[in-house]
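J.: Please find one structure pasted underneath; my questions will follow.
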Amino acid sequence: MSDWAPKRFWTSATTAEAGGGYQVLLDGRAVKTPAKQTLIVPTKSLADTLAEEWDAQEKVVNPDTMPFTRLANSALDKVTPQKSAVADLVAEYGGSDLLCYRAESPDALVARQAKAWDSLLAWAQDALQLHFVVQTGIMPIAQPEDSLRRIAAETHTFDPFALTAFHDLVSMSGSWVIGMAAMTESRPIDELWDAASIDEVFQFETWGKDEEALEMLSAKRASFIHANRFWQLCR
């Protein structure tokens, strides 16, 4: 049974207005989420993209080729019923943000982190009034309480669809600041991913590429890029 996959049963996927948003229809029948909710999304652009994913399915449905449908399902089935808890979880990344933990050596890595990460922290201070404490090493450090309160408040302002995108942007990068820079389009998305993956790329350059680690990093990058695109389509 583990190899079972639903077969394609429809001829065409279309979209229509419904419930204050837009739904995807398979031969006129509404698509349901795994929790059996009608799949209604906030914008026509997102609905059209979901319809394209459904239309691209061939003999069987492959969820791995439907990243935007998966994110929409998560927004409705997982994030909406526990939005406050999800926001709390994402906000916690601000207390242990990747950008605040710097390498002690080698000098090339230290310099690379400083070049990319210092400017992002400066942006967070100027644009969001967030101050972060930076240290070398991996021992936990306490961030200013005022910054943590601001981070929590900002995170709780997102609606379920935005929060779904933000969750993946933050969790894939390990940085609340990088996630927020993506949400506000303060930096190109490729530049933000480069900043998030400095440590891994440096290790590959120094010790050679590990295929399993490279595959994991590639999967994280894809999730990061898809989350950013999902957010754009929700607006």
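J.: Taking the conditions exactly as written (farther than 19 Å from K78 by Cα, of a type in the set (A, V, I, L, M, F, W, C) and touching a residue at least 40 places away in the same chain (Cβ under 8 Å)), does F230 satisfy them or not?
T.: No; evaluated as a whole, the condition is false for this residue.
J.: In region 28-52, how many residues are of a type outside the set (S, T, Y), without any contact (Cβ under 8 Å) to a residue 40 or more places away in the chain and either within 15 Å of A13 (Cβ to Cβ) or part of a strand (DSSP E or B) (or both)?
T.: Here the count works out to 13.
A quick yes/no check of all residues on (1) within 23 Å of A165 (Cβ to Cβ); (2) at pLDDT below 95; (3) in contact with a helix residue (DSSP H, G or I) (Cβ under 9 Å, 6 or more places away or on another chain); (4) not aliphatic (A, V, I, L, M):
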| residue | (1), (2), (3), (4) |
| --- | --- |
| D3 | no, yes, no, yes |
| S12 | no, no, yes, yes |
| L25 | no, no, yes, no |
| K32 | yes, no, no, yes |
| A35 | yes, no, yes, no |
| T49 | yes, no, yes, yes |
| V60 | no, yes, no, no |
| T69 | yes, no, yes, yes |
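J.: Given the structure, is K83 in a helix (DSSP H, G or I), surrounded by fewer than 21 Cβ atoms within 10 Å (Cβ to Cβ) and in contact (Cβ under 8 Å) with a residue 60 or more places away in the chain?
T.: Yes: the conditions hold for K83.
J.: Look at A72 and say whether it is aliphatic (A, V, I, L, M), in contact (Cβ under 8 Å) with a residue 24 or more places away in the chain, in the same structural domain as P160 (by TED's automatic domain parsing) and under 23 Å from V170 (Cβ atoms).
T.: In short, no.
J.: Across region 203-235, what is the total count of residues that are of a type in the set (V, I, T) and under 9 Å from the mean Cα position of the chain (by Cα)?
T.: So the answer is 1.
J.: If you scan region 78-135, which residues turn out to be out of contact with any helix residue (DSSP H, G or I) (no Cβ under 6 Å at 6 or more places or on another chain) and of a type in the set (K, R)?
T.: Across region 78-135, the qualifying residues are K78, K115.
The values are calculated or read from the model by the stated rules, or taken from the named source; none is laboratory data. If you're wondering where the values come from, they're calculated on a predicted model, not measured in any experiment. Backbone-built Cβ (ideal geometry, glycine too); neighbour counts: all protein chains shown.
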